[in-house]
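Let me begin by presenting the structure, written as structure tokens, before commenting on it.
Read the figures in this text as sums done on the coordinates, not as results from a lab. Being a predicted model, the structure only gives us computed values, none of them experimental. As a convention, Cβ positions derive from the backbone with ideal geometry for all residues, glycine included, and neighbour counts pool all protein chains shown.
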Amino acid sequence: MVFQMIRGICLAVLLISACVYDLKSCRIPNALCGSFCIVGWCLSLAEYGPLGLLHSFLSTLIPIAGLFILYAFHVLGAGDIKLLSAVGSMVSFRIIRVMACAFSLCALYGLIVLSVHLLQKKLCFSRTHFSIWIAAGTLAAAIIR
């Protein structure tokens, strides 16, 4: 129970910090993501032993392996993928649910923006900070749990 509370606090600090950095400078620092990956691995090792560390490490790799193609086509930034990896180190294999929720919420937002633009009869391109959707997806995945 204590580890879950520490994990939740760390996730909140990570996601809030990442959103603030992303909104201010359009980038997420490597040091932020890297340090929280290490924290996630240490928490998993302390709570579940070597098998927990292995699960946490593999969950860190899932976003990198699964989303590299989106990075290659400039759909996602490297910071977004690193942020998802840091979240993965803390939530283990639930990262798949987090990713699904984040992409679903972002797609819903995109549909709303597109609808508004079509109603106004003007179509323009808009960008979104995906860190916000990662934070919302993490929260949604925790609620769905």
(request) Would you mind counting up the charge near G40? Only other residues with Cβ under 11 Å from its Cβ, with Lys and Arg at +1 and Asp and Glu at -1. (result) 0
(message) Under the √(5λ) rule applied to the eigenvalues of the Cα gyration tensor, what semi-axes describe the equivalent ellipsoid of the stretch 60-121? Give them in Å, descending.
(response) 27, 14, 8
(message) Take H117 and V20, extend 7 Å from each Cα along the Cα→Cβ direction, and tell me the distance between the two endpoints in nm.
(response) 3.1
(message) Applying a 10 Å radius around every beta-carbon, put 96-104, 136-144 in order of their mean neighbour count, most first.
(response) 96-104, 136-144
(request) Under a cut-off of 25 Å between alpha-carbon atoms, report the lysines in cross-link reach of K82, not counting same-chain residues fewer than 8 places apart. (result) K24
(message) In the chain, if the dipole is taken from +1 on Lys/Arg beta carbons and -1 on Asp/Glu beta carbons about the Cα centre, which of L83, C33, L114 is farthest to the positive end?
(response) L114
(message) Only counting other Cβ atoms within 10 Å, I'd like S56, S25 sorted with the fewest neighbours first.
(response) S25, S56
(request) Please work out the Cα center distance from the stretch 42-94 to the stretch 21-39, rounded to the nearest Å. (result) 14
(request) Return, ordered by residue number, the residues of the stretch 25-52 whose backbone nitrogen is under 15 Å from a label point located 7 Å along Cα→Cβ of F93. (result) 51-52
